[in-house]
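**Q** This is the structure, below, for whatever I ask next.
The values are calculated or read from the model by the stated rules, or taken from the named source; none is laboratory data. Everything numeric here is computed off the predicted structure, so don't read it as measured data. Here Cβ is always computed from backbone atoms with ideal geometry, including for glycine, and neighbour counts include all displayed protein chains.
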Amino acid sequence: MGFVKEFKDFAMKGNVVDLAIGVIIGGAFGKIVSSLIDDVITPLLLKPALEAAHLTKLEELTIFGTVKYGNFLSATINFIIVAFVLFLIIKGLNAAKRKEEPAPAPAPAGPTQEELLIQIRDLLKNKA
């Protein structure tokens, strides 16, 4: 029973669950980005270049008939968009975190070094 309980505790930790949710959302986000590239950016921005090459999809671009650099371009554009969106998300989270953090409370004012020396002097006077 100890092994099963230990595994359950591990699997239900917040970090493991958060990671699983992140992977699932990342997969769904990847489909959205692919659709954005294939259905929006390619037709709008790259249409003239594709028409000049007599192609309909970016992935069909080739060099020497065998090197499919269109796939590479598509993956690069996908990466740039994902990186930019993640940058914006992290930037927003960091800005929100900075606003939430309360200002540190000022340290309580203690006696100065001179005041402590005066107290020591007075104690020594009273002892003698």
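**Q** Is there a residue in region 79-93 that is touching a helix residue (DSSP H, G or I) at 6+ places or on another chain (Cβ under 7 Å) and closer than 21 Å to residue 31 by Cβ?
**A** Step one: filter region 79-93 for residues touching a helix residue (DSSP H, G or I) at 6+ places or on another chain (Cβ under 7 Å), giving 81-82.
Of the ones still in play, those that are also closer than 21 Å to residue 31 by Cβ are 81-82.
Yes.
**Q** Tell me, please, whether a residue that is among the hydrophobic types (A, V, I, L, M, F, W, C) and in a loop (DSSP other than H, G, I, E, B) can be found in region 33-50.
**A** yes
**Q** Of the numbered conditions (1) assigned to a loop (DSSP other than H, G, I, E, B); (2) in contact with a helix residue (DSSP H, G or I) (Cβ under 8 Å, 6 or more places away or on another chain); (3) modelled with pLDDT under 75, residue 59 fails exactly one; give the number of that condition.
**A** Exception for residue 59: condition (1).
**Q** Name the pairs whose Cβ atoms lie under 9 Å apart, with the first residue in region 1-26 and of a type in the set (S, T, N, Q), the second surrounded by fewer than 10 Cβ atoms within 10 Å (Cβ to Cβ) and not in a helix (DSSP H, G or I), and 6 or more positions between them or separate chains?
**A** Pairs that qualify, where the first residue is of a type in the set (S, T, N, Q) and the partner is surrounded by fewer than 10 Cβ atoms within 10 Å (Cβ to Cβ) and not in a helix (DSSP H, G or I): there are none.
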